[in-house]
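These notes concern the structure reproduced below.
Values quoted throughout were computed directly from the atomic coordinates according to the rules given, and no laboratory measurement underlies them. For clarity, every value in this text was computed on a predicted model and none was experimentally measured. Using ideal geometry, Cβ is built from the backbone for each residue, glycine included, and neighbour counts are taken over all protein chains shown.
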Amino acid sequence: MTFFDQVHAVGPALALYAGAGAVLSADLLQGRRASIWGLAVVAGVVSLGWTLAQLIVGVEAGALGGAVRVDAFSIYLAAIIGGVVLAVTLAAREWASTLEQAAEFYALLLVSAGSMVLLAQAEDLITLFVALETTSIAQFILVGITRNDRSSEAGLKYLLTGAVAAAILLYGFAFLFGMAGTTSLEGIAVWVASAPEAQRLPLMLAFVFVAVGIGFKMALVPSHAWAPDVYEGSPALVATFLSVASKAAGFAVAMRLFYTALGGGDTFISQDWGKMFAVLAALSMIVGNTGALLQTNAKRLLGYSSIAQAGNIAVGLAAVAAGSTAGPSGVLFFLGAYAVTNVGAFVVVSLVADRLGSEQIADYAGLVKRSPAAAIVLSLCLVSLTGIPPTAGFVAKVYVFNAAVQSGERWLLALVAFAVLNTAISAFYYLRWVRTMILDEPRDATPFRASGGVQFVLAVSAVGVLLFGLDPSPLIQAAQDAAAALL
Amino acid sequence: MPPIPAIEDLSITLAHYLGLAGTVFAIGTVIALSKRNAVAVLMGVELMLNAVNLTVLAFSRFSAAFEEGGSAPLEGHVFVVFVLTVAAAEAAVALAMAVLVYRRRETVDLDRFNLMRG
C-alpha cells in the first residue's frame, strides 16, 4: 500500500483537519480581513467530495497499519458528518461574524468533524478512544464559545459529564483488552467468537461499561442528563452539530464495537447486549418524551426530543441480536433521515433566536405570517420527528420497528409496542409547536428574512425530508450496503 | 504450630491488581458523582483514569504471551500513554473552563449552576 493510498483512505478527515489549520493560520496572518468562512466551506466541500470520490473510485479497506478501516459503512457516515458540518458552516456566516472568536469556532468545528469521520473508520480501541476524545474536547469548547453565563455553565457541565463518561468507557475497553489480549476490533471479534461460556460475566461487565460510556455521545439513558442543559445553553448552531453529527458518530462507534467486535447476532453475548439496548431504548424514550412534554424553551424541548430519538434508534441495535439483519441498516437509515430533519429544525430555531432574540416556543406564535418559509420547514421537520407520512422520519421509524418485529422475539414485540405508544406521546409536544406557529396570532407581525446560506440549508433540509419520505429507496440501498460492510 | 505458607502463596497475582484498580475506580466514581466542587469532580475523574491504566498494565503484564516468556502485547503500553495524554488535554480545557465560570460567577459549586432547569 503506497503513501497515496493511505492518504486517500483518510482523505475526508484530513481535508477537515487541513481546513482547521488553514482557518487558524489565515486568522493569525490576516486578522479580520481573512475570509475564514470561505475556507471552512471549502474544507467541508472537499471533505464531502473526497468521500464521494472514495465511493466512486474505490478505496483499499485497511490503512495506517490496521488502525482504520474504510468501507461502505465509514463512507456512509463520513457523508452524513461532512454534510452536517457543511450545513452548519453555511448557516453560521451571519451569526459567527458577531463572535469574538470566529476563527476558533470554525477551526474547532472542523477538528471535531474530522475526528468524527476518523471515529467512523476506527478499527482499533486506541484509535477509537483518541478520535472520540478529540471530538469531545473540541465540542466542550464549542459549547462555551460565546462565554456568557449560560454558555460557559453548559460547557463546564458538558465537560464534566463527558470526562466521567470517557473514564467509564475506558474501563470497559481495559477489560476487553485484558480478555482478548489485543486492541484490534477484529482480534477481539476472533476471541469473542470462541469465548467460553465462563467469560460471560466479565464480557457483560465490559460491554455495560462501554454502552454507558458511549451512550454519552448518543444521549442515551443513563448518560443522557447533559442533553437538555447543554442544548439550551449552547449556541443553536453548536447544538445542531451536537445533536446530529455527534449522535451519528456515537452510533457509529457503538455499531463498530458491538457488531464487529462483540458478535453480530450469532454468539451468546449478542443476545445479552441486545436485551441491554432494549432496556436502554425503552428508558430513553420514556425519559425523553415525558421530559419534553412541559418544556417552553425550543432548544430544551429539542434536547429531550434528542434523548427520545436516541431511544428510537437504539431499537435497531436491540433488533440485531435477535438475528435480524435489518437492524443495522435501519439504524443507519434512521441516522440519515434524522440528520436532514434535525438540521432543518435547529437552523430555524437558530434563525428565530437571531431575529427575535427569543427561544421561547410562545414567541413562535404566528411564525407562518412572519416568515412562511421558516415556519413551513420547521413544521415539516417536526412532523418528520413525530413520524408522520410523507416524511423521512416516518419511513425511518417504520423501518427500524419493522426490523425488530421481524425477529418475532416476544421482548422485541413488547419494545416496539412501547415505542409506538411513545410516538403518540411525542406527537403531543411536536404538533403543539406546529399549531402555535400556524394557528396562533403573532404579537408582532413584522416579517423577517433569512440570509442566503440559511435559506439554502433550509431548502436542502426540506427537500431531503420530503424526498426520503416519498422515495426512500436510494437511501435504503445505501444504508443496506453500509450495513453489509459492517457484518 | 501452623505451617508457614510457601512463598508462592504470597506472590501478587492479576486478581490483586484488578481488585486494587476496581477499588480505586469505585472511589473515583463516587467522588466524581458526589462532589459539589467542579475541581474535585475532576480529581475523581483522574482517579478513575488511573484505575484504568493500572488495569490495562496489569492485564498486559499477566498476559499469556508474557507469562510464557514472550513479550507483553505492546498495545497495552501504547494505550496507557494515550490515556495519560488525553487526560492532560482534558484537564487543561476543564481548568480553563472552570476559571472562565469562576470569573463570571465567583463560584465553581455545581449546585449553584442552575440557570437552566425544568
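Just one residue in the set A:I141, A:I126, A:I145 is under 30 Å from A:T98 (Cα atoms), facing chain B (nearest Cβ under 9 Å), surrounded by fewer than 24 Cβ atoms within 10 Å (Cβ to Cβ) and under 23 Å from the mean Cα position of the chain (by Cα); that residue is A:I141.
Residues of the stretch A:266-288 that are surrounded by fewer than 24 Cβ atoms within 10 Å (Cβ to Cβ) and either assigned to a helix (DSSP H, G or I) or touching a Phe, Trp or Tyr at 6+ places or on another chain (Cβ under 8 Å) (or both): A:F268, A:I269, A:S270, A:Q271, A:D272, A:K275, A:M276, A:V279, A:A282, A:L283, A:I286, A:V287.
With the structure loaded, tell me whether B:Y17 is part of a helix (DSSP H, G or I) and out of contact with any helix residue (DSSP H, G or I) (no Cβ under 8 Å at 6 or more places or on another chain) or whether it fails that test. The answer is no for B:Y17.
Listed by first and then second residue, the pairs with beta-carbon distance under 7 Å, at least 6 apart or on different chains, first residue in the stretch B:34-53 and of a type outside the set (A, V, I, L, M), second assigned to a strand (DSSP E or B), are B:R36/B:D109; B:N37/B:D109.
Out of B:V101, B:V86, B:V93, B:V56, one residue alone is facing chain A (nearest Cβ under 8 Å), in contact (Cβ under 8 Å) with a residue 40 or more places away in the chain and aliphatic (A, V, I, L, M). It is B:V101. Scanning the stretch A:208-224 finds no residues that are buried (at least 23 other Cβ atoms within 10 Å of the Cβ), over 25 Å from A:I188 (Cα atoms) and over 16 Å from the mean Cα position of the chain (by Cα). Within the stretch A:150-179, restricting attention to residues that are in contact with a Leu (Cβ under 6 Å, 6 or more places away or on another chain) and at the interface with chain B (Cβ under 7 Å from one of its Cβ atoms), the residue that is farthest from A:G233 (Cα to Cα) is A:A167.
When A:R93 is tested against (1) over 20 Å from A:L132 (Cα atoms); (2) out of contact with any Leu (no Cβ under 7 Å at 6 or more places or on another chain); (3) surrounded by 24 or more Cβ atoms within 10 Å (Cβ to Cβ); (4) not β-branched (V, I, T), only condition (3) is not met. Summed over the stretch A:22-70, the residues that are in contact (Cβ under 8 Å) with a residue 12 or more places away in the chain and of a type in the set (G, A, S) give a count of 12.
Here A:A252 passes the criteria (1) in contact with a Leu (Cβ under 7 Å, 6 or more places away or on another chain); (2) closer than 25 Å to B:L18 by Cα except the one numbered (2). With respect to being more than 10 Å from chain A (Cβ to nearest Cβ) and either touching a Phe, Trp or Tyr at 6+ places or on another chain (Cβ under 9 Å) or farther than 28 Å from A:A131 by Cα (or both), B:E106 fits the description.
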